[in-house]
Amino acid sequence: MGAWSPWENASYCWAVICKNKRFHQHTNLMFGHKIPLGEADAVSPPPPLNGHFRARCDECGEEYDYERDQVLRVELELPAPFTSHELFR
């Protein structure tokens, strides 16, 4: 029996929480809908971001401004046809 590792087979990405809470309230009330921005690993810091940037939600289609401190590292499987946000490539 092998040792369990939290980093083995884990998929991490940078994400923000969609600000369109009214649209997403039926799916994930506690944590909000996560908009994936780009691939990440378990330990690297986010890319340097200055000021705000815009991100479009993959589910509701709305686009909002986000700040650097709103970017989260989440364990999330990226959808198959995924294109990273330009700031996270």
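Bear in mind these aren't lab numbers, they're just calculated from the coordinates by the rules spelled out. Note that the structure is a prediction, hence the values are computed from the model and not measured. All Cβ positions, even for glycine, are placed from backbone atoms using ideal geometry, and neighbour counts span all protein chains on display.
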message: List the chymotrypsin sites (Phe, Trp or Tyr not before Pro) within the stretch 5-89 that DSSP assigns to loop and that have no more than 14 neighbouring Cβ atoms inside 10 Å.
response: 7, 31, 82
statement: Per DSSP loop assignment and a cutoff of at most 16 other beta carbons within 10 Å, the chain keeps its longest run without exposed GluC sites (Glu not before Pro) at 9-58
query: Tell me, what HN-Hα J-couplings in whole Hz come from the Karplus equation 6.51 cos²θ - 1.76 cosθ + 1.60 at θ = phi - 60° for each residue of the stretch 74-83, using x for Gly and Pro?
result: 10, 8, 8, 6, 6, x, 4, x, 10, 10
field: Leading residue at positive end of dipole, the chain (Cβ point charges), from 70, 40, 83
entry: 70
Geometric extent, Cα atoms of the stretch 12-78 - Rg, Dmax (angstrom): 11.8, 33
query: Per the helix-only calculation at 222 nm, which mean residue ellipticity applies to the chain, given -39500 (n - 2.57) for every DSSP H run of n ≥ 4 and division by its residues, nearest 500 deg cm²/dmol?
result: -500 deg cm²/dmol
field: Size of electric dipole in the stretch 20-71: Cβ of Lys, Arg +1 and of Asp, Glu -1, about Cα centre, debye, nearest 20
entry: 180 debye
- prompt: Got the relative contact order for the stretch 12-78 handy, in percent, Cα pairs under 8 Å and 6 or more residues apart?
  reply: 44 percent
